[in-house]
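Trainee: Could you have a look at this structure, given as structure tokens, before my questions?
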Amino acid sequence: MKADDIAFFRKNKGYERIFKAIRDKYKSIGRIGGVIKLDDLTNSEKVVLSNHFKKDFSKRKSISIDVNKFAETFLNTRFEKYSLIDILESYFDEKMTSKKEDMYQYENEKEKFFNRFLSEYEGTKCWQWLKSVYENKAVGVRTINQRYDNDRMLLKRDIKYVCDALNKLPVYEGQKLRLPVFSSYITRDPHRFDVNTDCGKMFINSLATIFGVNDIKNSEEIAELLYRAGIVIDEISNFVTLKGLLAYSVDECNKVFKAAYECNEVLQVPLYNLSALDMVESPSKKVFVLENPGVFLSVCDFIKKPIPLVCAYGQPRLSLLVLLDMLYKNGTDIYYSGDFDPEGIQIAQRLFKRYPDRFHFWRYDVEDYIKALSDKTLTESRLKMLDKIDTAQLKPLTDKMKILKKTGYQELILDDIIEDVLSII
């Protein structure tokens, strides 16, 4: 359209809502036609409608307009050489398309966007993650799709960073790198993969995808996932408390562990030191893991010899899992005792599934639960957590807990725990 012709419509505010409604109707049905309705007509809209239909609309508050009849009102005017589609496309400065056409174009462009990555990184380690994203199966793919809609250029940059990271994970070289160092190596920014950034979250989700982890619940599971990739975070505050164990670097016994063992002392070992060890050993090929520090220390007080004992501090930290992984690899039987509450039972099941052939549920019989009963009632929401327990050995216990709806605490079976340790060792 000529510039002065389109300027006529743009200067007249009475056309704005009319044209928008016709455009929306076109998107809906894919052609010029149908009926549009306008409520709360403005004075400028009433003037436009009066001029087009040669009727007085000054008293009208709303109107239903036949779009084809509105198109005919341009005949015998200076605009008759233009179709209504010509006018609308010039007015909005865009091609008129239906929703179906828009969706087809959107899906086509999106497919090309992700196909470029599949082609570029074909044959590399990140390709499986890209394929999962393309097939909408990757962990966090919904967020990736949202980012595609919001800012695909920024998404493109971050996908490239994640692909480069997956192709160069330290674990492939048998190394461990701190997250800021690894991030700088890949992106030249030590904070690009911080776990609270969009790029960092995508990286975590990509690791979850390639390692087959469907659900990441907390910071400890994030730390564990990164550790599997050879990337470490929080090496100082993430520690494990233990006694009665020996450790080795190559074939040399760690002097700190050895001194603590010989002096019957408790050690707090940060992940920083734990990661430098090649092996941790229990001389008896058994280790006793207690959920609560009070119970752990009470056992230490009573038994005056270096028994292989570990404190879990509730939810297992990465340092605990790294320690137990090394003990498990060394053929150690793991005895675990915790509180009788849904959270404690879930911890026990999680560890059992991690170490199935060497894990022992320690004091998890119904009789132990009855002896450990407290007056604290479990809420219905917490009781529902027991529905996620699918380990056969725990079913009698969880069934009883659902009936009694009470928690039980390790402290109330402390004497039994001490007796077990003395008899097993």
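The values are calculated or read from the model by the stated rules, or taken from the named source; none is laboratory data. For clarity, every value in this text was computed on a predicted model and none was experimentally measured. Positions of Cβ are generated from backbone atoms using ideal geometry, with glycine treated the same way; all protein chains shown enter the neighbour counts. Heads up: the accessible areas ignore ligands, DNA and RNA and are worked out on the full protein's heavy atoms, side chains in. Shrake-Rupley method; radii C 1.70, N 1.55, O 1.52, S 1.80 Å.
Trainee: Select from Glu411, Glu101, Glu235 the residue whose mean-square fluctuation is largest in a Gaussian network model of the chain (Cα-Cα springs shorter than 10 Å).
Mentor: Largest GNM mean-square fluctuation: Glu101.
Trainee: I need the fraction of alpha carbon pairs in region 161-271 separated by more than 23 Å, rounded to a whole percent.
Mentor: Above the 23 Å cut-off, region 161-271 has 40 percent of its Cα pairs.
Trainee: Shape call for region 50-92 from the C-alpha gyration tensor, a ≥ b ≥ c root eigenvalues: rounded (a/c under 1.5), prolate (a/b greater than b/c) or oblate?
Mentor: It comes out prolate by the Cα gyration axes.
Trainee: Give the lysines reachable from Lys11 as a straight Cα distance under 17 Å; neighbours fewer than 8 places away on the same chain don't count.
Mentor: Excluding near neighbours in sequence, the set is Lys2, Lys20, Lys46.
Trainee: What does the helix-only formula give at 222 nm for the chain: each DSSP H stretch with n ≥ 4 adding -39500 (n - 2.57), the total divided by the residues, and the result rounded to the nearest 500 deg cm²/dmol?
Mentor: My calculation for the chain gives -15000 deg cm²/dmol from helical runs alone.
Trainee: To the nearest 20 debye, what charge dipole does region 40-188 have about its Cα centre, counting +1 at the Cβ of each Lys and Arg and -1 at the Cβ of each Asp and Glu?
Mentor: Result for region 40-188 is approximately 500 debye, rounded to the nearest 20.
Trainee: Of the options Val48, Ala138, Gly30, report the single residue whose Cα projects farthest towards the positive end of the charge dipole of region 1-158 (beta-carbon charges: Lys, Arg +1; Asp, Glu -1).
Mentor: Going by the Cα projections, it comes out as Val48.
Trainee: I would also like to ask the following. Where Rh denotes the Kirkwood radius from the mean inverse Cα pair distance, what is Rg over Rh for region 9-52?
Mentor: Taking Rh as the inverse mean 1/r over Cα pairs, Rg/Rh reads 0.99.
Trainee: So for region 291-362, taking the charge dipole from beta-carbon charges (+1 Lys/Arg, -1 Asp/Glu), which of Pro342, Ile307, Gly331 sits furthest toward the positive end?
Mentor: Final value for the positive-end residue is Gly331.
Trainee: Here's a follow-up. By how many nm would the segment from Glu411 to Glu107 grow when fully extended, if each residue of separation counts as 0.36 nm and the alpha-carbon distance is taken off?
Mentor: Length gained between Glu411 and Glu107: 103.5 nm.
Trainee: Taking a probe of 1.4 Å, how large is the accessible area per residue of region 324-395, in Å²? Please list the in-between numbers first.
Mentor: Numbers: 3480 Å² over 72 residues.
Per residue, region 324-395 has an accessible area of 48 Å².
Trainee: Still on this structure, I have one more. In region 237-347, what is the count of Lys pairs whose alpha carbons are under 20 Å apart, counting only pairs at least 8 residues apart or on separate chains?
Mentor: 18
Trainee: Further question: First measure r as the distance between the Cβ atoms of Ser184 and Val213, then evaluate 1/(1 + (r/R0)^6) with R0 = 30 Å and state the FRET efficiency to the nearest 0.05.
Mentor: 0.70
Trainee: R0 = 51 Å: FRET efficiency of Glu16 with Asp194, Cβ-based, nearest 0.05?
Mentor: About 0.65, to the nearest 0.05.
Trainee: Heavy-atom accessible area per residue, region 1-150, 1.4 Å probe: how many Å²?
Mentor: 63
Trainee: Still on this structure: Extending each Cα 7 Å along its Cβ direction at Phe53 and Asn115, get the distance between those two points in nm, one decimal.
Mentor: Result: 4.8 nm between the two label points.
Trainee: Are there GluC sites (Glu not before Pro) in region 11-88 that DSSP marks as loop and that have at most 15 other Cβ atoms within 10 Å, and which are they?
Mentor: Counting only loop positions with at most 15 other Cβ atoms within 10 Å, the GluC sites (Glu not before Pro) in region 11-88 are Glu80.
Trainee: Looking only at region 29-54, which residues have a backbone nitrogen under 17 Å from a spot 7 Å from the Cα of Glu80 in the C-beta direction?
Mentor: What the label zone holds, given the 17 Å backbone N cut-off, is 52-54.
Trainee: Hey, any idea what % of region 306-413's accessible area is carbon plus sulfur with a 1.4 Å probe?
Mentor: 52
Trainee: What translational D, rounded to a whole number of µm²/s, comes out for region 88-148 from Stokes-Einstein when the hydrodynamic radius is the Kirkwood one over Cα pairs, at 20 °C and 1.002 mPa s?
Mentor: Numbers: Rh = 13.5 Å.
Here the translational diffusion coefficient equals 159 µm²/s.
Trainee: What is the Cα radius of gyration of region 334-425 over 2.2 N^0.38 Å, N being its residue count?
Mentor: Details: Rg = 12.8 Å, N = 92, 2.2 N^0.38 = 12.3 Å.
So region 334-425 has a normalised radius of gyration of 1.04.
Trainee: Please identify, among Lys59, Lys20, Lys160, the residue showing maximal mean-square fluctuation in a Gaussian network model of the chain using a 10 angstrom Cα cutoff.
Mentor: Lys59
Trainee: Report the extension gain between Ile425 and Arg354 in nm, rounded to one decimal, defined as 0.36 nm multiplied by the number of residues separating them, less their alpha carbon distance.
Mentor: Additional length available on full extension: 23.2 nm.
Trainee: Which value, in debye to the nearest 20, describes the size of the charge dipole of the chain about its Cα centre when Lys and Arg Cβ atoms bear +1, Asp and Glu Cβ atoms bear -1, and nothing else is charged?
Mentor: Charge dipole of the chain: 2320 debye, to the nearest 20.
Trainee: Need the list of aspartates and glutamates near Lys27 for cross-linking: C-alpha distance under 12 angstrom, and skip anything on the same chain fewer than eight residues off.
Mentor: Output for Lys27: Glu101, Asp102.
Trainee: Compute a Gaussian network model of the chain, connecting alpha carbons closer than 10 Å, and tell me which residue from Asp198, Asp339, Asp251 fluctuates the most.
Mentor: Greatest mean-square fluctuation among the candidates belongs to Asp251.
Trainee: While we're here: Would you please calculate the Kirkwood hydrodynamic radius of region 293-353 over all C-alpha pairs and express it in Å, rounded to one decimal?
Mentor: So the Kirkwood estimate lands at 12.7 Å.
Trainee: Which residue, Phe79, Pro180, Thr377, has the largest displacement toward the positive end of the dipole of the chain when charges sit on each Cβ (Lys, Arg +1; Asp, Glu -1)?
Mentor: Phe79
Trainee: Oh, and also: Is the shape of region 62-124 rounded, prolate or oblate, going by the alpha carbon gyration tensor and its root eigenvalues a ≥ b ≥ c, with a/c under 1.5 for rounded and a/b larger than b/c for prolate? Working shown, then result.
Mentor: Values: a/c = 5.81, a/b = 3.21, b/c = 1.81.
It is prolate, given that a/c is not under 1.5 and a/b is the larger ratio.
Trainee: Could you order the peptides 370-380, 355-365 from most to least packed, using the average number of other C-beta atoms within 10 Å per residue?
Mentor: 355-365, 370-380
Trainee: Any cysteines in the chain with zero other Cys Cβ atoms under 4.7 Å from their Cβ? List them, or say none.
Mentor: Cys199, Cys253, Cys263, Cys300, Cys311
Trainee: Further question on the same structure: Taking all protein chains in place and a 1.4 Å probe, what share, in percent, of the accessible surface of region 1-126 do carbon and sulfur account for?
Mentor: On the way: 3770 of 8020 Å².
It is 47 percent, rounded to a whole number.
Trainee: Working only with C-alpha atoms, what are the Rg and Dmax values of region 1-160, expressed in angstrom?
Mentor: Rg then Dmax for region 1-160, in Å: 22.5, 71.
Trainee: Moving on. Please work out whether region 244-311 counts as rounded, prolate or oblate from its C-alpha gyration tensor, where a ≥ b ≥ c are the square roots of the eigenvalues and a/c under 1.5 means rounded, while otherwise a/b larger than b/c means prolate and anything else oblate?
Mentor: It is prolate, given that a/c is not under 1.5 and a/b is the larger ratio.
Trainee: If I model a spin label as a point 7 Å beyond the Cα along the Cα-Cβ vector, how far apart are those points for Lys304 and Ile63 in nm?
Mentor: 10.2
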